[in-house]
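Notes to accompany the following structure.
Any read-out appearing in this document is the output of simple, stated calculations on the displayed coordinates, not a laboratory observation. None of the values given here were measured: they were computed from a predicted structure. Ideal geometry is used to build each Cβ from the backbone, glycine not excepted, and the neighbour counts take in all protein chains shown.
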There are 2 protein chains.
Amino acid sequence: MTQLQNVSIIKKANIYFDGKVTSRTVLFPDGTKKTLGIMLPGEYEFSTDLKEEMDILAGKLDYKLTGQDWKTIEGSGVFYVPANETFQLKVHTTTDYCCSYLNE
Amino acid sequence: MTQLQNVSIIKKANIYFDGKVTSRTVLFPDGTKKTLGIMLPGEYEFSTDLKEEMDILAGKLDYKLTGQDWKTIEGSGVFYVPANETFQLKVHTTTDYCCSYLNE
């Protein structure tokens, strides 16, 4: 799916890490949401509330989920983070992503 | 208007200047489009095809239209760039913007 259709988007950006990580929030008619974001090179730690699907659209990064080894995505790939967990990222090149927040 | 409603958004980001300027394209039912973007500190030059409305949502920057003096926006503000022109920006802090492409 190259477009998110029939959605609303919050104009104001979400800005983290002094602008090195930014995203826009997209709201769907069924009440779910996604964020479309950009991460510049750097090391970051994030925490989840809901389960998250991190769909990497372009870029190169390493990610580490709690209790697991570091893994690498280059170009595109998907990983899932459980609810209420912390995960670490080492972003090597400008990375474009779509994060889905999953109620389950 | 804090949300853009009943729109489609192209998932893939537009990435310029090694990721220091990025945006997402939002498509409206009437065929018009806007981009929602982030600019990190730096100096940039852009060219227009259509007339553009640059709505600064947050940040601080100087802008210079062809044949005019430098002007400053801090916090929020709007400027217009005619079609088929070049304009210059000096971005001082992470800047969040909404660009509308105007057919006129």
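Conditions (1) more than 12 Å from B:Ile10 (Cα to Cα); (2) facing chain B (nearest Cβ under 9 Å), marked per residue:
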site: A:Gln3; (1), (2): no, yes
site: A:Lys11; (1), (2): yes, yes
site: A:Lys20; (1), (2): yes, yes
site: A:Val26; (1), (2): no, yes
site: A:Asp30; (1), (2): yes, no
site: A:Lys33; (1), (2): yes, no
Just the residues that are closer than 19 Å to A:Arg24 by Cβ and within 14 Å of another protein chain (Cβ to nearest Cβ), please, taken from segment A:75-104.
A:Val91, A:Thr94, A:Thr95, A:Asp96, A:Tyr97, A:Cys98, A:Cys99, A:Ser100
Please list, ordered by first then second residue, the pairs with beta carbon atoms under 8 Å, 6 or more apart or interchain, first in segment B:24-42 and more than 18 Å from B:Ile56 (Cβ to Cβ), second assigned to a loop (DSSP other than H, G, I, E, B) and not aliphatic (A, V, I, L, M).
B:Thr32/B:Asn103
